[in-house]
1. Tally Lys/Arg at +1 and Asp/Glu at -1 over every other residue whose Cβ is under 14 Å from the Cβ of residue 179; what's the total?
2. Each label point is 7 Å from the Cα along the Cα-to-Cβ direction; what then is the distance between the points at residue 60 and residue 97, in nm?
3. Out of the chymotrypsin sites (Phe, Trp or Tyr not before Pro) in the stretch 98-140, which ones are loop residues according to DSSP with at most 13 other C-beta atoms within 10 Å?
4. Quick one: what does P(r) look like for the chain with 10 Å bins over all Cα pairs, in whole %?
5. Among the complete DSSP H segments of the chain, which ones combine at least 27 Å of alpha-carbon extent along their axis with a mean Kyte-Doolittle hydropathy of 0.0 or more?
6. How big, in percent, is the set of alpha carbon pairs in the stretch 122-162 lying more than 15 Å apart?
7. Only Cα pairs under 8 Å and at least 6 apart count here; give the relative contact order of the chain as a rounded whole percent.
8. If ligands, DNA and RNA are left out, what is the accessible area of residue 149 with a 1.4 Å probe, given in Å² to the nearest 10?
Amino acid sequence: RQINKYLVYGGNVPTEQIFDYLCDIMLALFALNNKGMIHRDIKSENILLKNETINNENYIIAKLSDLGISRQIDGVVGSLTLCGTPYYVSPEIAAGEKRYDYNADIWSLGVVLYEMVTLSLPWYDPNLYSHELFQLVFTTKYPPLPEGTDPYLKYLISIMLKKDPKRRANLTDILKLDFVYEK
């Protein structure tokens, strides 16, 4: 099943499960990036949950799907096309920048993380056209996270949803964080 169906029908996602899903997705992204690829359409609908038995124990593993618009890129030059789902599109892509890189996926993953924590998208208004939505993203901060949100999740969201891609955490830096590395 898709993670967004869990979000719609399953209620709150336990913090430990959020970390498990996040680590699974980041490892998938790491593998893609090591092949010089960017996903370009990370969203909750493209994260599948699969039951797997490992050493006689059952686990739910998050898998990144829909590589249909992924693209091989040069990590320095970046990609040249606009793509993705508007609610998850990074500000640099929304702004029409000619070149973007792996960090566009980090933004999208940050939106998914926010969605898992709050059960809603950070910038959501079904009455807005894409360009109006992008303007909202450019000019406002994401809504505050609920009280009691795990401080590590708060920190991850804050470093993943930096509007300036040069200030946004990259995947390697996130994977090296002590609390992520432990998981």
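The values are calculated or read from the model by the stated rules, or taken from the named source; none is laboratory data. Since the model is a prediction, treat every value here as computed from it, not as a measurement. A quick note on method: Cβ atoms are made from the backbone with ideal geometry, for glycine too, and the neighbour counts reach across all protein chains shown. Heads up: the accessible areas ignore ligands, DNA and RNA and are worked out on the full protein's heavy atoms, side chains in. Shrake-Rupley method; radii C 1.70, N 1.55, O 1.52, S 1.80 Å.
1. Working: positive: 154, 176, 183; negative: 16, 20, 150, 173, 178, 182.
Local net charge: -3.
2. Here the answer is 3.5 nm between the modelled labels.
3. Passing both the DSSP loop test and the Cβ count: 124, 129.
4. All Cα pairs considered, the percentages come to 9, 39, 38, 12, 1, 0.
5. 15-34
6. Numbers: 392 of 820 pairs.
The proportion of pairs with Cα distances above 15 Å equals 48 percent.
7. On the way: 267 pairs, mean separation 40.1, N = 183.
Worked out over the chain, it gives 22 percent.
8. Surface accessible to solvent at residue 149 totals approximately 20 Å².
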